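Before any comments, here is the structure.
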Amino acid sequence: MKRLKIALLAGGDSPERAIALQSAAQIEQALDHDKYDITLIDLHHRNWHYTAPDGREWQVDKNDFSLTVEGVRKSFDYALIIIHGTPGEDGRLQGYLDMMGIPYSSCSMLSSVITFDKITTKRTLVGHVNLAREVFLRRGEACDPEKIVRELGLPLFVKPNANGSSFGVTRVHTAEELPAAIAAAFAQGDEILIEECIAGQEIGCGVMIAGGREYIFPETEIVPKNDFFDYEAKYTAGRSEEITPARIAPEIRAELNRMTLDAYRICRCSGVVRVDFIVTPEGKPYFIELNSIPGMSSGSIVPKQARAMGLSLGALYDLIIADTYRP
């Protein structure tokens, strides 16, 4: 049987680049190499390359998405996108692959644009999930910290509108801290959100619809040792406790499942995604964000959830590839 020629696209241009490379290495190891001819390609700005076993780098021809090594040209049947942040989660890479006629593993370009842009995600989901109140700011717009505090209270979260892994995110406890937090968020992009802080349990919900079947993963309760689930807490061993399945009541689980599936469908997602919530002490879930290409490194949440439901990482991607590959 002919092996499917897969370009495993990794790296990217965001601060999450290192995590994306770790995720890709984990997936490459998990995939069945008897079924798939896998080529790991590192994308970093305009440098899209494959590194041969001898250490030499060979560039992808972006005119037709092919790779020529030692005079032998390889075209690809499929792209498996494992890039957190740009250009993998913001729709740019999907748009290119659409033009090249290459099927891929993640959300579409349109869905990726919606889910990567936090304010657009919230406005898309309003009325379907519970949402924290926010102030949306573009670079150069006037900002009155005292007025924002009066409107939203304290503490507050200040975050870039389009970024991941909590880069540029600050939890603000006083009005005096707000200007520095705003500056830190604007250092990551031209638009930011200032959101009221919803106190409670943080819950990560993996979900996928493939082959007409809904896969609702066991929820994970996230207990950070830092002030919130920041980059250090996410990727440093011992800085957070992740409990799967989450310690929640059956009725809260049912509501989380409903909101997770609603978010997946309304945002027109494909492949596996993770939807994050805060559940208040009263049991009310609030949507935080939707990760269209969640982390797949050894310490990431979704692979742990998949194992908890008896699904290996290789089997998970078999399902995704079967559902999204169009010859």
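The values are calculated or read from the model by the stated rules, or taken from the named source; none is laboratory data. Just so it is clear, the structure is predicted and the values come from calculations on it, not from any experiment. Here Cβ is always computed from backbone atoms with ideal geometry, including for glycine, and neighbour counts include all displayed protein chains.
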So ALA30, is it modelled with pLDDT under 95, among the hydrophobic types (A, V, I, L, M, F, W, C) and not assigned by TED's automatic domain parsing to the domain that holds ARG274: no
Complete set of residues in the stretch 44-58 that are farther than 10 Å from ALA7 by Cβ and assigned to a strand (DSSP E or B): HIS44, ASN47, HIS49, THR51, GLU57, TRP58
Residue list for the stretch 244-277, restricted to those being in a helix (DSSP H, G or I), touching a strand residue (DSSP E or B) at 6+ places or on another chain (Cβ under 7 Å) and either among the aliphatic types (A, V, I, L, M) or assigned by TED's automatic domain parsing to the domain that holds GLU89 (or both): ILE252, LEU256, MET259, LEU261, ALA263
From ALA30, ALA18, residue being under 15 Å from the mean Cα position of the chain (by Cα), surrounded by fewer than 21 Cβ atoms within 10 Å (Cβ to Cβ) and among the aliphatic types (A, V, I, L, M): ALA18
Residue identified as without any contact (Cβ under 8 Å) to a residue 40 or more places away in the chain, charged (D, E, K, R), at negative phi and surrounded by 13 or more Cβ atoms within 10 Å (Cβ to Cβ) among GLU141, GLU191, GLU195, GLU177: GLU177
Test: residue in the stretch 44-57 that is aliphatic (A, V, I, L, M), more than 22 Å from MET296 (Cβ to Cβ) and not assigned by TED's automatic domain parsing to the domain that holds ARG274: yes
Unique match (being surrounded by fewer than 21 Cβ atoms within 10 Å (Cβ to Cβ) and either within 24 Å of the chain's Cα centre (by Cα) or not assigned by TED's automatic domain parsing to the domain that holds SER297 (or both)) among ASP90, ASP77: ASP77
Residues satisfying the stated conditions in the stretch 59-75, i.e. part of a loop (DSSP other than H, G, I, E, B) and not charged (D, E, K, R): ASN63, PHE65, GLY71
Test result for ILE102, farther than 19 Å from ALA185 by Cβ and part of a helix (DSSP H, G or I): no
